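Everything on this sheet refers to the single structure shown next.
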Amino acid sequence: MFTKYLQDVFKVPLVIQLTDDEKSLWRSLEVDEAMRLARENAKDIIACGFDIDRTFIFSDFDYVGGKFYQNVNKIQRCVTLNQARGIFGFQGEDNIGKVAFPAIQAAPALPDGFPHMFGERKDVRCLIPCAIDQDPYFRMTRDVVPKLGFSKPSLIESIFFPALQGDSGKMSASDPNSSIFVTDSRKQIKTKINKYALSGGQQTVEEHREKGANLDVDVSWKYLNFFMEDDAKLAQIGEAYGKGQMLTGEIKAILVDTLADIVERHQKARELVTDDVVDAFMAKRPLSM
């Protein structure tokens, strides 16, 4: 959603890398299954509303080669095994594909790896919106690419959503009650939030009215900070809930409606994303600049 916002505001070309090779290496998926999941991920990405004239999506298994792979090789030659171990914590039991992979994730920061878009240009600057756990990859990238004659990429890093159970829990695809999925129904979202979302409210209504909610631990409040676009309304909710004027059930009901509306819009948009649409986004072609 944030990356879509950046594209809308700056009207810039966007490259989205689907690391299906990484999924195969780290999760022991067969190559065909990793590639299938990448296309499913692409449908979810496209459903966010990216501009097809400014967006190129590629999967590593499909695209890596030519000038892009030449850049991968150049990056690999700049990073020693000791450096890779220090950055990523590789162990002797890890397969060698894991050690080679960071250079593949770094390579999209180099514009001439996409000759159908940028030709041989080296002066195109790169901004990478990513989650905080990707920071080691792109710190390495920033160290290496000046040696190859390119500008350092810039990063905008996002934090993770907390698990519904709060900081003590962990979001996991294997635990459907730890998070909200874009495949959830409105009823499932309501059940998950009402049953599992950690509350910062007090034990009794009387105590809550007196002391107010602890916003530092309340998951519904934290989620609204991510998803509610009306800042004035968000501030009102925070003040009322923090003072005990609003109960936990009330803020959870607001979150249910907010998330369910977003998820339902996404599901409707995704239904319109056919295989032909995916192929169009993944086709090598010039993009609008």
Residue check for T191: over 20 Å from K243 (Cβ atoms) and under 20 Å from the mean Cα position of the chain (by Cα): no
- line: Scanning segment 1-35 for residues that are of a type in the set (F, W, Y) and either in contact (Cβ under 8 Å) with a residue 60 or more places away in the chain or part of a strand (DSSP E or B) (or both) gives F2, W26
task: Those residues that are open to solvent by less than 40 Å² (accessible area, probe 1.4 Å) and not β-branched (V, I, T), I need them from segment 117-133; list them, please.
output: M117, F118, G119, C126, C130, A131
task: Mind listing whichever residues of segment 188-214 are among the hydrophobic types (A, V, I, L, M, F, W, C) and surrounded by 15 or more Cβ atoms within 10 Å (Cβ to Cβ)?
output: I189, I193, A197, L198, A213
Scope segment 170-203; condition part of a loop (DSSP other than H, G, I, E, B), without any contact (Cβ under 8 Å) to a residue 12 or more places away in the chain and touching a strand residue (DSSP E or B) at 6+ places or on another chain (Cβ under 9 Å); matching residues: K170, M171
Among (1) open to solvent by 40 Å² or more (accessible area, probe 1.4 Å); (2) within 23 Å of S158 (Cβ to Cβ); (3) touching a helix residue (DSSP H, G or I) at 6+ places or on another chain (Cβ under 7 Å) - the single one L247 does not satisfy: (2)
- prompt: Is it the case that segment 239-255 has a residue that's more than 30 Å from I52 (Cα to Cα), among the hydrophobic types (A, V, I, L, M, F, W, C), part of a loop (DSSP other than H, G, I, E, B) and touching a Gly at 6+ places or on another chain (Cβ under 8 Å)?
  reply: yes
query: Do we find that G113 is in contact with a helix residue (DSSP H, G or I) (Cβ under 9 Å, 6 or more places away or on another chain), open to solvent by less than 40 Å² (accessible area, probe 1.4 Å) and modelled with pLDDT under 95 in this structure?
result: no
- prompt: Restricting the search to segment 1-55, which residues are under 23 Å from L110 (Cβ atoms), modelled with pLDDT under 95 and small (G, A, S)?
  reply: none
- prompt: closer than 30 Å to F226 by Cβ, free of Cβ contacts under 8 Å to residues at least 12 places away in the same chain and open to solvent by 20 Å² or more (accessible area, probe 1.4 Å): does that describe R39?
  reply: no
- prompt: Quick one: how many residues across segment 134-151 are open to solvent by 80 Å² or more (accessible area, probe 1.4 Å) and either in contact with a His (Cβ under 6 Å, 6 or more places away or on another chain) or of a type in the set (F, W, Y) (or both)?
  reply: 0
- prompt: Taking the condition farther than 17 Å from R270 by Cβ, of a type in the set (F, W, Y) and open to solvent by 30 Å² or more (accessible area, probe 1.4 Å), does Y63 pass?
  reply: no
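The values are calculated or read from the model by the stated rules, or taken from the named source; none is laboratory data. Being a predicted model, the structure only gives us computed values, none of them experimental. Note that we place each Cβ from the backbone using ideal geometry, even for glycine, and neighbour counts take in every protein chain shown. For accessibility, only protein heavy atoms count, side chains too; no ligands or nucleic acids. Shrake-Rupley method; radii C 1.70, N 1.55, O 1.52, S 1.80 Å.
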